[in-house]
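All remarks here apply to the structure that follows.
The values are calculated or read from the model by the stated rules, or taken from the named source; none is laboratory data. From a predicted model like this one, the values you see are computed outputs, not experimental measurements. Positions of Cβ are generated from backbone atoms using ideal geometry, with glycine treated the same way; all protein chains shown enter the neighbour counts. We work out accessible area using only protein heavy atoms, side chains counted, and drop any ligands, DNA or RNA first. Shrake-Rupley method; radii C 1.70, N 1.55, O 1.52, S 1.80 Å.
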Amino acid sequence: QVQLVESGGGLVHAGGSLTLSCVAHGSLFGMNSMGWYRQTPGKQRELVAQVVAGGTTTYADSVKGRFTISRDNAENTMYLRMNNMKPEDTAVYYCNVYADDLYYWGQGTQVAVSS
């Protein structure tokens, strides 16, 4: 079992920055990937950024060059650094871990970007 706890959401002006954190409680021995997703009302949850066990990262086209995903293995923590934010980045952001054929989700953290 893995429990994910996110933090770092909030309100920021366009062009500003935020860093989201996700602490994983439990064993990540069988982890295949970790990532951040986001969702707005009426839309499907979409992948924002992902890092697989080998370290390869993937980003949605809409955030490439602005967002950076990283991990601190010693602290079982994942981060999403968001720079040059845009109003369209407004969403609830969810931390995700895929391990041992199971998907784990955090509770979500609200991010709002004002124009």
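Trypsin sites (Lys or Arg not before Pro) within the range 1-81: which are DSSP loop residues with at most 13 other Cβ atoms inside 10 Å?
Lys43, Lys64
Counting only heavy atoms of the protein chains, get the accessible area per residue of the chain (1.4 Å probe) and round it to a whole Å² value.
53
Taking the Cα centre of the chain as the origin, how large is its charge dipole in debye, to the nearest 20, when only Lys and Arg (+1) and Asp and Glu (-1) carry charge on their Cβ atoms?
In total the dipole reaches around 300 debye.
Ignoring ligands, DNA and RNA, what percent of the accessible area of the chain is carbon or sulfur (1.4 Å)?
49
Would you mind calculating the gained length between Ala112 and Ser7 on full extension (0.36 nm times residue separation, minus the Cα-Cα distance), in nm to one decimal?
Extra length available between Ala112 and Ser7 comes to 36.4 nm.
For the chain, count all C-alpha to C-alpha pairs, find those more than 22 Å apart, and express that count as a whole percent of the total.
26
Toward the positive end of the charge dipole of the chain, about the Cα centre and with charges on Cβ (Lys, Arg +1; Asp, Glu -1), which of Ile69, Val2, Met82 goes farthest?
So the residue we want is Met82.
With the Cα gyration tensor of the range 41-104 giving a ≥ b ≥ c as the square roots of its eigenvalues, does the rule (a/c under 1.5 for rounded; else a/b larger than b/c for prolate; else oblate) give rounded, prolate or oblate?
Since a/c reaches 1.5 but b/c is at least a/b, the shape of the range 41-104 is classed as oblate.
Quick check: residue separation of Val52 and Asp100 times 0.36 nm, minus the Cα distance between them. What number comes out in nm?
15.9 nm
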